[in-house]
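This report concerns only the one structure given below.
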Amino acid sequence: MSAPAELPESHATGAIAAIFAELRRLTGVPYVSSIYRHLATMPGMLEWTWEALGPGFASGALQDAGAAIAAGVRVAPAAPIAATALAGWGVDAAALASIRAACAGFVRVAPVNLVTGACLGPRLTGERMGGAGFAPGWTPPLSLPAVPPTADPATLSEATRALLDRLATDDGTARFVPGLYRQLAHWPGLLAWVAETVAPRLTAPETLAAADALRAAAAREAARILPRLPPCPPAPLDAPTLAAVRRAIARYARTSPELTLFGRLIGEALPR
């Protein structure tokens, strides 16, 4: 269950640490999404990405676009989870609050990551933009509460790893488990419910159609945002690294719709 390389937030220094802090502030989630931690493992790539797309984040254009596309697409809800079931799984009030925050976090940032990828592709080769800029005055959202730590599958029981494996994705180069499910793995009973509820839906026609709709909406939003971004030079990458970045964009274009759709589904199934 290997995953793409990522720079842990605790290991970030200098410019990368500053960009990570801005991402947390501007998205209103208390962590940095894995796509940016992955780009940070490539020398100069995250810094260039921030030069290329930072104005879109600072203005809220990317975040507002993500929220807009997420609001318009969903799958059928799941049956509600009983409060007694959660109690039996060891989910107390504090844990429930962090689980809610985890689901809300992915509903918030996964569609933004999708729009980011749609904007990043054309910028890699130095495609010139109009640089019209964005309206001032946008205010970042309040940060969500703390979320559960992302579990390392190697530290989990064999039974829990088997549940995660049912939720794993394969992009042709690596098989890995998206972060939401690893955050919920601290409660194996809840994770079993997620595996039973979500895994059969991952390749269902409804899900595939919704994911396609999200990707199409992200492409439309990117076409609206790109002309307003300032010019930037081509990404400072050799051919193999450029290919790796393009694979990463494709990977997150696959997983971001899933996390948007099922982050909402799990969050809405939790008892109120």
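Data table
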quantity: Candidates per GluC sites (Glu not before Pro) in region 43-151, loop by DSSP, up to 15 other Cβ within 10 Å; calculated: E127
quantity: Whether region 185-226 is rounded, prolate or oblate, judged on the alpha carbon gyration tensor where a/c under 1.5 counts as rounded; calculated: oblate
quantity: Two-site FRET efficiency, S143 against D170, from Cβ-Cβ distance with R₀ of 35 Å, rounded to 0.05; calculated: 0.60
quantity: Accessible-area composition of the chain, carbon plus sulfur, in percent [1.4 Å probe]; calculated: 60
quantity: Size of electric dipole in the chain: Cβ of Lys, Arg +1 and of Asp, Glu -1, about Cα centre, debye, nearest 20; calculated: 440
quantity: Residue with peak Gaussian network fluctuation, the chain [Cα springs, cutoff 10 Å], from T203, T255, T169; calculated: T203
quantity: Modelled FRET efficiency - R0 35 Å, L270 with A132, Cβ distances, 0.05 increments; calculated: 0.25
quantity: Charge sum, other residues only, whose C-beta stays under 13 Å from I19's C-beta, Lys/Arg counted +1 and Asp/Glu -1; calculated: -1
quantity: Per residue accessible area in Å² of region 172-272, where ligands, DNA and RNA are left out and the probe is 1.4 Å; calculated: 41
quantity: Globularity index of region 112-208, i.e. its alpha-carbon radius of gyration over 2.2 N^0.38 Å; calculated: 1.50
quantity: Charge dipole (the chain, unit charges on Cβ, about Cα centre) - positive-most of P200, T260, H38; calculated: T260
quantity: Sequence ranges 24-34, 137-147, ranked by mean other-Cβ count within 10 angstrom, highest first; calculated: 24-34, 137-147
quantity: Distance (nanometres) between label positions extended 7 Å along Cα→Cβ at D152 and L202; calculated: 2.3
quantity: Size of the chain as Cα extents on the principal axes (Å, biggest first); calculated: 55, 36, 35
quantity: Where R224, R182 fall by accessible area, highest first, once all protein chains stay in place (1.4 Å); calculated: R224, R182
quantity: Region 142-272, relative contact order [Cα under 8 Å, separation at least 6], %; calculated: 24
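The values are calculated or read from the model by the stated rules, or taken from the named source; none is laboratory data. Quick caveat, the model's predicted, so the values are computed rather than measured. Because the Cβ atoms are built from the backbone with ideal geometry, glycine has one as well, and the counts that use them run over all protein chains shown. All accessible areas refer to the heavy atoms of the entire protein, side chains included, with ligands and DNA or RNA removed. Shrake-Rupley method; radii C 1.70, N 1.55, O 1.52, S 1.80 Å.
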